[in-house]
Amino acid sequence: MLKKTLIAASAITLSAFAFTACGSDSEGGSSTASDDGSITMGFAQVGAESGWRTANTKSIQESAKDAGIDLKFTDAQGKQENQIQAIRSYIQQKVDVIAFSPVVETGWDAVLNEAKAAGIPVILTDRAVDSKDTSLYKSFLGSDFVVEGQKAGQWVVDNAADADTDGDGAINVVQLEGTTGAAPAIDRGEGFADAISADPSIKVVASQTGDFTRDGGKQVMESFLQSGDHIDVLFAQNDDMGLGAIEAIEAAGLTPGKDIKIITVDAVHDGMQALSDGKINFIVECSPLLGPQLMDIAKKVLDGEDVEPRILTEETTFDQAQATEALPDRQY
Amino acid sequence: MPETATLTQRVLRHPLLWPVLALVVLLLINVVVKPNFFDIRMQDGHLYGNLVDIVRNSAPVLLVALGMTLVIATRGIDLSVGAIAAISAAVACTRIVGAGDEAALTTAVLACTYALAVCIVLGAWNGFLVSVVGIQPIIATLILMVAGRGISMAITDGQITTVRNGWFSDLASGYVLTLPLAFIIALGVFVLTAILTRRTALGMLIEAVGINPEASRLAGVRSRTIIWTVYAFSGFCAGVAGLVIAANTNSVNANSLGLWIELDAILAVVIGGTSLAGGRFSLTGTLVGALFIATLARTIPNIGIPSELNYLFKAVVVIAVCLLQSPKVRALFRVHRRGPSVPVLAKGSAA
């Protein structure tokens, strides 16, 4: 008896977990979408997976407030079904515009068709969907990972003399890849390879996945350092792997940023700190602060203006001096 | 038969033969591809080289696998170890960051003690579900596996928490007598466990519970207490592992810390020759298994396997090792069959 009660109790706890995922959309009521001229936006976030994502959420919430847009926000906790549920509830609530960051690339056609049938425009942020029917969404706002990789590669080409730390004329690059199969990992690698092909002295001598994590980056870098070949440049496809690699480089008795030049992508706070400290040489920004742009696009769409189907996030790059300058205002 | 067996026969029948052989072959592959693989030099007053990295990086898996070995010996399984490791790291790191003096030794010690206490409680919770409530171990620990990651994310607000405490960092990156501290800690837990289980009756009682909990209870063994204890011990081991992983990068990422470490640990236990059916276990086997897992992880970047083929390579190696361990497959390789293979299996209680 006790056994059954406890099983039931734990089942209830677990389902309560599931419900909290989409709990926030029930509080808004069903008739807030209105014809009084104010805009209601439903936003379905991926989840709170990292500092980057939290900054992304904050940016969207704040800029909605500034733009006078009524925002309904849900957190899908990394699950596609939660996100689909949230989008359906937005359709029922007749919001004016739906925006979301798809958890995965595929499986969106059905729910997006429902939105289309209800006449609600959809804007994708940060991640794309893989659908042949491009009429399902108005615009995709986000970073171009290929361009990010190119910017990183371009830095090596531009600083080739400086990057050749042992002065032998050949620049040996090791690369820490992101999670295998993830779009940022594939595209950043592609862009980087593309950019460095301009200079035949630059060569990627080893490349391995570090799963976008510090621990992964450290362990793989340890192995690269043991190989015995000289390493001139490290390209880490995100800050975290770069930060892990820095620890491995220091443990090997080398100075990160001097003995091995380091380039990373993202520009999160810890990465910027390391850049400012001279341990990283160059960071390509992958900005989560796309809220203002998103609100702008939403307004244009609702005013009936044409918007570009692909809009890039406004992003920059940082060298060490710029990092020191930007660090105090860094939000994430 | 055992008393008449020659040395060669004893070696051939030793349950540790195959795991050790697999480890040696894997190391040899590395040397063939990179002849400097075994090179070890002194660096800043400690040993430095691939082998040193391997034993250092094996520490978390070894720790988790030690707890797992005892749990599996009682015919149980603990899926929640990865989540417990994440909670342990999250608790310790947030306490260090929130402390008055972030870099002090006392801060690190207090934070770690507190985190480990939490982990023992979580492990005891698993033990309670399994032994008192009678839920199947795989389900009972699944609850914490799912919920635990949520708890650790709640503790860290889903952020990567970075700590600056040299003492804490030494847990993973420090060296004692030129050897990595992380491995010495794991080895210490290994020796303690071995003494506790093999120099006292505890090991036998654990195996008795694994073979038949009801019969051992009737025979006067306190099955419930033993099951409870092994899960709490597994929680403790996972907690230490979590601290080592967090210290390795001076940060905790509740999302990824210790993710899938339960599978690596189970694999280490199985490679070491402990039966998932419970009733017998080999701590030395687990040690070899953990070293094997760490060597495998190092092999991939060392011989330069493309990222897309990582899992395939791992799968092939693991299948090969498991086939080697299978008595049926081994019988195929045996030139002279010495009687039926069943008695050999039955006496396979390992050291």
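The values are calculated or read from the model by the stated rules, or taken from the named source; none is laboratory data. These figures come from a predicted structure and were not determined experimentally. Positions of Cβ are generated from backbone atoms using ideal geometry, with glycine treated the same way; all protein chains shown enter the neighbour counts.
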- If B:M145 passes every condition in (1) assigned to a helix (DSSP H, G or I); (2) within 11 Å of chain A (Cβ to nearest Cβ); (3) in contact with an Asp or Glu (Cβ under 9 Å, 6 or more places away or on another chain) but one, which one does it miss? (2)
- Options A:S63, A:S89: the member that is under 20 Å from the mean Cα position of the chain (by Cα) and more than 14 Å from chain B (Cβ to nearest Cβ): A:S63
- Query: Filter segment A:114-132 for residues that are loosely packed, with under 14 Cβ neighbours inside 10 Å and farther than 20 Å from A:I186 by Cα; which is modelled with the lowest pLDDT?
  - Reply: A:K132
- Query: Of the residues A:D329, A:D270, A:D319, A:D277, which is over 26 Å from A:K94 (Cα atoms), over 15 Å from the mean Cα position of the chain (by Cα), crowded, with 17+ Cβ neighbours inside 10 Å and not hydrophobic (A, V, I, L, M, F, W, C)?
  - Reply: A:D270
- Across (1) under 27 Å from B:L257 (Cβ atoms); (2) more than 10 Å from every other protein chain (Cβ to nearest Cβ); (3) touching a strand residue (DSSP E or B) at 6+ places or on another chain (Cβ under 8 Å), B:A65 clears everything bar (3)
- Query: Pick from segment B:300-327 the residues that are at pLDDT 90 or above and in contact with a Phe, Trp or Tyr (Cβ under 8 Å, 6 or more places away or on another chain): which of them is surrounded by the most Cβ atoms within 10 Å (Cβ to Cβ)?
  - Reply: B:P301
- Message: Suppose the filter is closer than 24 Å to A:K299 by Cα and modelled with pLDDT under 90; does A:T40 pass it?
- Response: no
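Yes or no, residue by residue, for (1) crowded, with 19+ Cβ neighbours inside 10 Å; (2) in contact with a Pro (Cβ under 9 Å, 6 or more places away or on another chain); (3) closer than 22 Å to B:V240 by Cβ:
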{"position": "B:I96", "(1), (2), (3)": "yes, no, yes"}
{"position": "B:L105", "(1), (2), (3)": "no, no, yes"}
{"position": "B:C119", "(1), (2), (3)": "yes, no, yes"}
{"position": "B:L122", "(1), (2), (3)": "yes, no, yes"}
{"position": "B:V132", "(1), (2), (3)": "no, no, no"}
{"position": "B:I138", "(1), (2), (3)": "no, no, no"}
{"position": "B:V146", "(1), (2), (3)": "no, no, no"}
{"position": "B:S152", "(1), (2), (3)": "yes, no, yes"}
{"position": "B:T161", "(1), (2), (3)": "yes, no, yes"}
- Item | Enumerated helices (runs of 4 or more DSSP H) restricted to segment B:179-263, each holding at least 1 residues that are within 14 Å of another protein chain (Cβ to nearest Cβ) and buried (at least 24 other Cβ atoms within 10 Å of the Cβ) | B:181-198, B:223-249
- Item | helices (runs of 4 or more DSSP H) wholly inside segment B:1-81 that include at least 1 residues being under 26 Å from the mean Cα position of the chain (by Cα) and polar (S, T, N, Q) | B:17-33, B:50-73
- Note on the structure: When segment B:52-62 is checked residue by residue, the ones that are more than 10 Å from chain A (Cβ to nearest Cβ) and either in contact with a Leu (Cβ under 8 Å, 6 or more places away or on another chain) or over 24 Å from B:F236 (Cβ atoms) (or both) are B:V55, B:S58, B:L62
- Message: Kindly evaluate A:D259 against the criterion of being surrounded by fewer than 23 Cβ atoms within 10 Å (Cβ to Cβ), more than 11 Å from A:L176 (Cα to Cα) and more than 9 Å from chain B (Cβ to nearest Cβ).
- Response: yes
- Note on the structure: Restricting attention to segment A:76-100, the residues that are at pLDDT below 90 and in contact with a Lys or Arg (Cβ under 8 Å, 6 or more places away or on another chain) number exactly 0
- Output the residue which, of all residues in segment A:198-232 that are at the interface with chain B (Cβ under 9 Å from one of its Cβ atoms), assigned to a loop (DSSP other than H, G, I, E, B) and more than 26 Å from the chain's Cα centre (by Cα), is farthest from A:V174 (Cα to Cα). A:G228
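For (1) more than 10 Å from chain A (Cβ to nearest Cβ); (2) in a helix (DSSP H, G or I), each residue gets a yes or a no:
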position	(1), (2)
B:C112	yes, yes
B:V118	yes, yes
B:V121	yes, yes
B:N126	yes, yes
B:L129	no, yes
B:I139	no, yes
B:G158	no, no
B:R164	yes, no
